[in-house]
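One structure below.
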Amino acid sequence: MTDVANRPAAPPRRPRGLARGALIAAALLYLGGFLILPFAVVFTQALARGFSPFVDALADPAAVAAIRLTLTVAAIAVPLNLVFGVAAAWAVAKFEFRGKSALLTLIDLPFAVSPVISGLIYVLVFGAHGWFGPWLAAHGVRIVFAVPGIVLATVFVTFPFVARELVPLMQSQGRDEEETALSLGATGWQAFWRVTLPNIRVGLLYGVLLCNARAMGEFGAVSVISGHIRGLTNTMPLHVEILYNEYNPTAAFAVASLLALLALGTLLARAALESHAPELRHASRQAPAQTATRTGAVA
Amino acid sequence: MSIRVDAIRKRFGDFVALDDIEIDVATGQLAAILGPSGCGKTTLLRIIAGLETPDAGRVFLLGREATELPVQKRRVGFVFQHYALFRHMTVFDNVAFGLTVRPRRERPARAAIRAKVEELLGLVQLDWAAARRPAQLSGGQRQRIALARALAVEPEVLLLDEPFGALDTQVRQELRRWLRRLHDALHFTSLFVTHDQQEALEVADAVIVMRRGRIEQRGTPAEVYDRPATGFVHRFVGSSNELAAERRGGALLVGPLPPIASSGPDGRFSIVVRPQDLGLSRGGGGWPGRVVAVRAIGALVHVEVQLEGAGPDPVVAEFSRERFRHEGYAVGDAVFVTPARFGVYPPEELS
């Protein structure tokens, strides 16, 4: 590269430099306008009236309840999708079976469906007038407008994250190492804990990170199914909306800033993971392209 | 017999990977399964290892039926083409793996494992690499580690899938000679799969040639080379020239060239003849042609001759440098070619 750049007979050097500058400037402006600026606004608005209204907004019982609910939902949804994601990626990457491409497409379904629809599905299935609604009501089980519904909707929306992170990684690693472990006398369980899991460790962490960020930030699906009962079924994103609609921007932005911090933390953790495992960067960049081809092949 | 495979069949969908395969490998032998890619040789090896289940047929290891045994209980060492070293473990931990996964009752003491691993690393001449990661080693070194790892559990049978396939020529040659010496020193039974006929001929005691899920021939390397059972074996093992011919009334005709006597039914055939079996002369009988290339490197000289009116490709004759110095062929010379030994096969046998 340097050789080419230094070659004296390279006339279009200045225009190329100009084009490069313009492109970088355009990208920065775009990022600044659409990503960084809103991000900054969240924090300035949250702290606009000083620190104590900010703290008060977070200490409000409804806010505390929302934070607690969000953490609870994530604490259930993320481990579930961790297990499911590993199992699905394992099946897809290491075995040949009928309906494998269908499974791959299904994993992507929550990405393809609008979150509002995802929430509605559960209302239709478990709601008062839904398929199982009367039966559930007769047995005193509340799903819709209650925590179980929020958990279900969140699990649905976030289930591709871990699986999609792991499928390309595990496919590229193949089956040889596990088969070697078995031929050396290891049980399937030992092969998983001692060979597979260490090999996917970093990708798995990354998938969990993204899954968690989405589980805490999910709005659409949860909004439909939660019923917005303050202090009971309000998650943080829903609480932000309520506060904002009540013309309480400081409190809204205070809670929002927590979510923004979560996003920031996710990004930082991701950067740290990538610097530790360069092969992960490769795998996660490949992921969407591969999945797209596969989905295309199925269609 | 250390390895016996009886009437094995395997299909993948509509594709017949293995069709009624029988093989025997005697105890202490180093045998090779040789065949082009897609002939089913790797599938066969994986069935013997227990990594794949056959649709029909039986597998015996050391005289005991192993068809239903899981891979863990078969006591086979399996070495993959791409080494399959555990990438997150050190070389030491890789080699120790098979010992450390044993149930506590059967597991050797820590010191015993250490001693065993060090002994094996010494055997593969990589004792200095114990603390390294696989990624820090060259291909040849990695394959030696893979071998040490397989040997750590003292398998009765060692199975190797294209063990040298991913290495460059020189390392490959060194490593296969080393494997042969190791095999002779340790007296295990080995079966390896390769598509490289030279590798099979040079290392193995017995060669099994496969094609399209069937066995074409089995025998010693010399038998397979000198007395090929089919046209496919003749062409696949060793180098050869191939000519399209027609037999009519006891005479073989290659284009407009003078006929050669050959008994058998009339029809279209392929003649397969090894370069060293093609006689070359300046006068007298045979097929006329013209020298188009001479390659005089090493002990043997290759002379390419374009036969008059036959085929687009020249034939290759091979003889000693001594004789070449004496007769001195050069590009453009008019010569006569006589096939001394050759095989005549139906054309479909070759493809």
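Read-outs: derived from the displayed coordinates by stated rules, not from any lab. Given the structure is predicted, the values throughout are model-derived calculations rather than measurements. So basically every Cβ, Gly included, is an ideal-geometry build from the backbone, and we count neighbours across all protein chains shown.
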For chain B, count the residues as N, evaluate 2.2 N^0.38 Å, and divide the Cα radius of gyration by that value, please. 1.21
Of B:His88, B:His187, B:His326, the one that fluctuates the most in a GNM where chain B has Cα springs shorter than 10 Å: B:His326
Relative contact order for the stretch B:239-349: what is it in percent, counting Cα pairs under 8 Å that are at least 6 residues apart? 31
Once Lys and Arg get +1 and Asp and Glu get -1 on their Cβ, which of A:Ala75, A:Asn234, A:Gly207 lies farthest toward the positive end of the dipole of chain A? A:Gly207
Mind checking the log10 I(q)/I(0) for the stretch B:241-351 at q = 0.14, 0.20, 0.23 Å⁻¹? Debye, one equal scatterer per Cα, no solvent, two decimals. -0.55, -1.03, -1.28
To the nearest 20 Debye, how big is the dipole of the protein assembly as shown about its Cα centre, given +1 on the beta carbon of each Lys and Arg and -1 on that of each Asp and Glu? 1260
Selection from B:Thr53, B:Ala200, A:Leu262 lying farthest towards where the dipole of the protein assembly as shown points positive, charges on Cβ: A:Leu262
When chain A is treated as a Gaussian network with springs between alpha carbons less than 10 Å apart, the largest mean-square fluctuation among A:Ala89, A:Ala263, A:Ala25 is found at A:Ala25
Taking the Cα centre of each part, how many Å lie between the stretch B:137-173 and the stretch B:9-35? 21
I'd like to know which of B:Ser320, B:Gln143, B:Gln29 lies farthest towards the positive end of the charge dipole of chain B, counting +1 on Cβ of Lys and Arg and -1 on Cβ of Asp and Glu. B:Gln143
Determine the alpha carbon to alpha carbon distance for each of A:Lys100/B:Lys73; A:Lys100/B:Lys10; B:Lys10/B:Lys116; A:Lys94/B:Lys10 and list only those over 28 Å. A:Lys100/B:Lys73; B:Lys10/B:Lys116
Taking 8 Å as the Cα distance limit and 6 or more residues as the minimum spacing, I'd like the relative contact order of chain B as a percentage. 16
√(5λ) per eigenvalue of the Cα gyration tensor, the protein assembly as shown, largest first, Å: 66, 32, 26
Rounded to the nearest Å, the spacing of the alpha-carbon centers of the stretch A:228-247 and the stretch B:53-106 is 58
Mind putting a number on the dipole of the stretch B:224-274 about its Cα centre? Charges go on the C-beta only, +1 for Lys and Arg and -1 for Asp and Glu, and I need it in Debye to the nearest 20. 40
Note to self: C-alpha centroids of the stretch A:97-169 and the stretch B:250-306 sit apart, in Å, by 74
Peptide-level mean, for B:75-85, of C-beta atoms on other protein chains within 10 Å: 4
Please identify, among A:Leu82, A:Leu205, A:Leu136, the residue showing maximal mean-square fluctuation in a Gaussian network model of chain A using a 10 angstrom Cα cutoff. A:Leu136
One would report the antiparallel percent of DSSP beta bridges in the protein assembly as shown, rounded to the nearest 5, as 75
How would you order B:265-272, A:153-160 from highest to lowest mean count of nearby Cβ atoms within 10 Å? A:153-160, B:265-272
Which shape class applies to chain A: rounded if a/c is under 1.5, otherwise prolate when a/b exceeds b/c and oblate if not, where a ≥ b ≥ c are the square roots of the Cα gyration tensor eigenvalues? oblate
Global form of the stretch B:118-194, assessed from the alpha-carbon gyration tensor, a/c cut-off 1.5: oblate
Work out the length of the dipole vector of the stretch B:3-234 about its Cα centre, built from +1 on the beta-carbon of each Lys and Arg and -1 on the beta-carbon of each Asp and Glu, and round it to the nearest 20 debye. 960
Suppose we keep just the DSSP beta bridges with both residues in chain B; what percent of those would be antiparallel, to 5? 75
